[in-house]
Amino acid sequence: MYKSILVPVDLAEDSSWRKSLPVAQAMARTFNAEMHIVAVVPDFGKSIVGSYFPKDFEGDALHAAGEMLKNFIAQNVESDLTVKGHIAHGTIYEEINKAADKLGCDLIVLASHRPELKDYLLGPNAARVVRHANQSVLVVRE
């Protein structure tokens, strides 16, 4: 049913994958699907903010995130699965949806916390992924 599954993770927050990653791995095994794990490094937003950081800060941050993702996969993904890691850079929900489209994924499995009042007003990343994704999205509650 599913051939390619995208799993977004926040490498600094284990609640972003603690429950969703095992679900994604079980689905990948069941459907013999390839897994893509994506970590998004947020951008600065406004260029004036970026001017306060060293010149190569973004490049260094992306490189460090790539190394962290390799370690994450080695430590947390079962070795019998086909998995590829990807680092994206930008607005979190936009980059998740772009990655899913670019990689030809047909399912996104992501974690979501219980909404707080501020989430109803602003909308968390999970809700935005669900609203804008071209794929099926499985939201695993914390």
request  = Starting from the amide H of Val140, placed 1.01 Å from N in the peptide plane, find each other amide H under 5 Å away whose residue is 5 or more places distant or on another chain.
outcome  = Leu110, Ala111, Ser112
task = Please give, to one decimal in nm, the separation of the simple spin-label points placed at His113 and Glu78, each 7 Å out from Cα toward the Cβ.
result = 2.9
query = Hey, can you rank 17-23, 59-65 by average C-beta count inside 10 Å, highest first?
reply = 17-23, 59-65
query = Within the stretch 59-106, which GluC sites (Glu not before Pro) sit in a loop by DSSP and count at most 14 neighbouring Cβ atoms inside 10 Å?
reply = Glu78
remark   = If each K or R counts +1 and each D or E counts -1, the residues other than Leu69 whose Cβ falls under 12 Å of its Cβ total 0
remark   = Other residues with Cβ under 12 Å from the Cβ of Thr91 give, with Lys and Arg +1 and Asp and Glu -1, a net charge of -1
key: Cα-projected label distance for Met1 with His132, points at 7 Å along beta-carbon direction, nm   = 2.8
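Laboratory data are not the source of any read-out in this text; all were calculated from the coordinates shown. Note that the coordinates shown come from a computational prediction; the quantities given were computed from them, not determined experimentally. So basically every Cβ, Gly included, is an ideal-geometry build from the backbone, and we count neighbours across all protein chains shown.
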